[in-house]
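Trainee: Let me begin by handing over the structure; questions about it come next.
The values are calculated or read from the model by the stated rules, or taken from the named source; none is laboratory data. Keep in mind it's a predicted model, so treat the numbers as computed, not measured. Cβ sites come from the backbone with ideal geometry, for glycine too, and all protein chains shown count toward neighbours.
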Amino acid sequence: MREPGVEVTVEHQASPAEDRRNNPAADRQPRKLLLAKPRGFCAGVERAVEVVSRALELFPGPIYVRKQIVHNRHVIDSFCAQGVIFVEDLDEVPDEGLVIFSAHGVAPAVRAAARERKLQVIDATCPLVTKVHLEALRFHREGKSLILVGHKGHEEVAGTMGEVPGHVQLVGTPDEAERVEVPDPEQVAVLTQTTLGVDDANTIIDVLRRRFPKLVTPPSDDICYATQNRQIAVKRLAERADLVLVLGSANSSNSQRLREVAVDAGARAYLIDDASRIDAAWLEGARCVGVTAGASAPEHLVEAVVAYFKARGVVEVEEVEAMQERVTFAPPAELVRV
């Protein structure tokens with residue numbers, strides 16, 4: 001019951017329609033959100049993240065991980081908070097310690113160094129990366145000159161080239177593909193980094209195929225199924241959205257490619273680590289916003305972006321499904337034996 005003489009003021013909550021009437025600029029703000037499907041974690045990342053999670057449950061620690069288990073700041077920060085120690089080099093791991101190899105794979109020299117130090121190793125290398133390593137070995141045994149299409153400095157590239165040191169030439173652009181030289185133009189094989197942009201990789205391979213008509217490629221595409229699927233899905237978003245936001249960290253190759261694919265498809269696009277990195281200025285004039293996530297970005301980051309837009313009055317959220325994914329990978333043998 002209200003006390004005598006006390007006036008109660010009820011604050012009026014304006015509807016979205018009233019907001020637009022009172023504030024014309026609101027009519028230039030997002031009205032619809034499109035979510036790409038598939039998005040986020042691929043089977044290889046799910047496996048790698050589960051490896052670290054299981055190791056935390058099964059072993060007393062400390063648990064070391066060589067390089068970042070996957071390229072996502074939020075995943076890394078979460079594991080650091082649980083006591084996982086990320087190192088750049090095996091020299092930082094104490095003798096006979098437990099170390100996990102990241103999803104991006106390692107060269108045989110790294111494995112040999114781990115054995116010499118008697119380190120306990122759990123290998124979280126993505127099986128699709130392992131496939132590329134095995135192809136490098138097979139083509140080398142067959143006497144082929146090896147060309148790897150990929151990005152200089154990427155951990156996956158270092159691991160693949162380390163399978164046959166000194167026998168792999170890295171090509172990252174069509175110009176480099178025009179200039180690369182081999183001893184026998186009729187004995188050339190090409191491999192690709194698994195996280196490349198499909199269109200960019202095909203452009204480079206087309207140059208190599210023109211220069212080396214007998215160019216040998218693997219029986220199945222090296223570019224990861226998840227990388228390709230997410231690029232197809234983001235193209236569909238870009239056809240309908242004014243703005244595309246890609247959740248992923250700056251060092252994530254597949255996330256960077258998603259942004260590039262969206263731009264090439266005609267949308268404005270930005271790569272962001274999380275909802276806090278959204279610049280409100282980007283939203284001006286963007287009636288429809290598309291959201292996707294790189295293969296190493298957890299789903300809770302997408303949920304936070306959805307919440308951000310709902311708080312700004314967006315009520316229509318649609319999932320745009322390009323295809324379904326049902327791929328899973330078995331855990332590493334080292335965990336199965338535990």
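Trainee: Residue check: is residue 204 under 30 Å from residue 185 (Cα atoms), among the aliphatic types (A, V, I, L, M) and either in the same structural domain as residue 291 (by TED's automatic domain parsing) or crowded, with 21+ Cβ neighbours inside 10 Å (or both)?
Mentor: Yes: the conditions hold for residue 204.
Trainee: Among the residues of the stretch 106-116 satisfying the criterion of being surrounded by 12 or more Cβ atoms within 10 Å (Cβ to Cβ) and in contact with a strand residue (DSSP E or B) (Cβ under 9 Å, 6 or more places away or on another chain), which is nearest to residue 68 (Cα to Cα)?
Mentor: Restricting to residues being surrounded by 12 or more Cβ atoms within 10 Å (Cβ to Cβ) and in contact with a strand residue (DSSP E or B) (Cβ under 9 Å, 6 or more places away or on another chain), the top hit is 106.
Okay, residues lined up against (1) under 25 Å from residue 42 (Cα atoms); (2) surrounded by 17 or more Cβ atoms within 10 Å (Cβ to Cβ); (3) at pLDDT 95 or above; (4) touching a Pro at 6+ places or on another chain (Cβ under 9 Å):
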| position | (1), (2), (3), (4) |
| --- | --- |
| 150 | yes, yes, yes, no |
| 173 | no, no, yes, no |
| 178 | no, no, yes, no |
| 187 | no, no, yes, no |
| 209 | no, no, yes, no |
| 214 | no, no, yes, yes |
| 219 | yes, no, no, no |
| 229 | yes, yes, yes, yes |
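Trainee: Same structure again: Of the numbered conditions (1) buried (at least 18 other Cβ atoms within 10 Å of the Cβ); (2) free of Cβ contacts under 8 Å to residues at least 40 places away in the same chain; (3) under 18 Å from the mean Cα position of the chain (by Cα), residue 270 fails exactly one; give the number of that condition.
Mentor: Residue 270 satisfies all of (1) buried (at least 18 other Cβ atoms within 10 Å of the Cβ); (2) free of Cβ contacts under 8 Å to residues at least 40 places away in the same chain; (3) under 18 Å from the mean Cα position of the chain (by Cα) except (1).
Trainee: Which is without any contact (Cβ under 8 Å) to a residue 40 or more places away in the chain, under 23 Å from residue 226 (Cβ atoms) and in contact with a Ser or Thr (Cβ under 7 Å, 6 or more places away or on another chain), of 133, 151?
Mentor: Details: 151 fails: without any contact (Cβ under 8 Å) to a residue 40 or more places away in the chain.
Answer to the selection: 133.
Trainee: Consider only pairs whose beta carbons are under 9 Å apart and that are at least six residues apart or on different chains; among these, list those whose first residue lies in the stretch 319-334 and is part of a helix (DSSP H, G or I) and whose second residue is surrounded by 12 or more Cβ atoms within 10 Å (Cβ to Cβ).
Mentor: If the second residue must be surrounded by 12 or more Cβ atoms within 10 Å (Cβ to Cβ), the pairs left are 333/123; 334/51; 334/120; 334/121; 334/122; 334/123.
Trainee: Would you be able to say whether some residue in the stretch 61-72 is touching a residue at least 40 places away in the same chain (Cβ under 8 Å), more than 25 Å from residue 302 (Cβ to Cβ) and out of contact with any helix residue (DSSP H, G or I) (no Cβ under 6 Å at 6 or more places or on another chain)?
Mentor: There is at least one residue in the stretch 61-72 that is touching a residue at least 40 places away in the same chain (Cβ under 8 Å), more than 25 Å from residue 302 (Cβ to Cβ) and out of contact with any helix residue (DSSP H, G or I) (no Cβ under 6 Å at 6 or more places or on another chain).
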